[in-house]
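The values are calculated or read from the model by the stated rules, or taken from the named source; none is laboratory data. Please read all numbers here as calculations on a predicted model, not as lab measurements. Cβ sites come from the backbone with ideal geometry, for glycine too, and all protein chains shown count toward neighbours.
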């Protein structure tokens, strides 16, 4: 009996332990979810007014048919008012969701989202139930998911699918469900697709899936493969619906690069194209500033691993890392990594203030290069934010040794400090890379960890990470990832025996 009681007590304690562990995990994730996100960028009043007016137009288009009755009664006006404000509120909610998901979204991109909704609502009015909802809702979802994110695209799809200006009794309910499913699939996959080829595959497989789904779930529909009268303008002819969807999706894919240029969209495919090392600006960096280029590649490895550890945008930081020091092209030899050891221009001018201006110039010139090469703003942000408002310590000490009359701000970069986790990681990687590379190959992991911690703590105490929203847990993971990368790149090579014909490898 005592043994049974003891076993029951152990089971009870084990159950309590499991429950406590679960509650601790829930509490951890809850606290993490409450960490303030990056503040959205400010939108001018005139842009806000234009966006609001478009939302009003959408609300009118979506509800005006309720007023087209022989006699206006109070009940009709009330129904119209409810419908009008319902659409208006959903439009404003869509804007809030888009800004929450992507704080860097600008007024042009918000205008794109709202304009697509306006076009869709207008098309619904013009064609009514004569045009398949597949062709109306799915293609815009691809554009939004590629440029603004999955959650924004799903929100847009929900609003566009629910809000119909006319009665939808003539549209099969199963077809609407298929449309919603296809649009959601496009929204989810569109936010993850990383190449144009994958987009083409999506434009083929989604219409095929819609075709098969209609065959199975939409009863009593026409299934003629060709109708010259209404080959595209049809709702219910399965082949026509699917073919029209495929054609519009292919046209959408062709226009995505134009949308990227006009509205400043930053798609995964665009990031990978910019990360091509044969791009003119990157190629110039590798030829004219080879030391800076090598430094950039090492930072890329550190930053990419750290971003992967915390679940950040790997493609963004990989591309941003490649362009963060392009400003050094204006004077490569003024930076130690590009010097051959013969002479240092800073020693020749022997003026710490002028040297500090040269260092600041690599940020200013980098932004000019970014504008000239039409780099997207999220990539250009890496150029000033990776330096933040850090001190130029070497030249500050030189000025103190010479007893010069100066202001400390003369030896600080202009900033701004990192405004995102990715730019903050790049700042930390930039500081740690030089220190880790300078360490002895026989240095212990503990020594490397201490070096990394000192640099990160100094950045934090200086206020450089205040706007990045990096949590303590994420900073710990960043330290760990930097150490792991250092352990990989510091490996030794064995000394091979040499012979006359050097056949050993």
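Could we say that residue 360 is in the same structural domain as residue 424 (by TED's automatic domain parsing), within 21 Å of residue 431 (Cα to Cα) and in a loop (DSSP other than H, G, I, E, B) here? Answer is no for this residue.
Hey, can you tell me all the residues within the stretch 69-86 that are surrounded by 14 or more Cβ atoms within 10 Å (Cβ to Cβ) and closer than 22 Å to residue 118 by Cβ? Step through it out loud before you land on a result.
Of the stretch 69-86, the ones surrounded by 14 or more Cβ atoms within 10 Å (Cβ to Cβ) are 76, 79-80, 83-84, 86.
Listed by number, the residues that qualify are 80, 83, 84, 86.
Scanning the stretch 260-281 for residues that are touching a helix residue (DSSP H, G or I) at 6+ places or on another chain (Cβ under 6 Å) and not in a loop (DSSP other than H, G, I, E, B) gives 260, 263, 268, 269, 270, 271, 274, 281. Within the stretch 424-447, residues that are in the same structural domain as residue 303 (by TED's automatic domain parsing) reach partners that are loosely packed, with under 11 Cβ neighbours inside 10 Å and modelled with pLDDT under 90 with beta carbons closer than 8 Å, at six or more positions or on different chains, in the pairs 441/492.
For every residue, the table says whether it meets (1) surrounded by fewer than 18 Cβ atoms within 10 Å (Cβ to Cβ); (2) more than 22 Å from residue 107 (Cα to Cα).
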| residue | (1), (2) |
| --- | --- |
| 134 | no, yes |
| 143 | no, no |
| 157 | no, no |
| 181 | yes, yes |
| 186 | no, yes |
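Taken together, 355, 321 contain a single residue that is closer than 30 Å to residue 477 by Cβ, assigned by TED's automatic domain parsing to the domain that holds residue 288 and assigned to a helix (DSSP H, G or I), which is 321.
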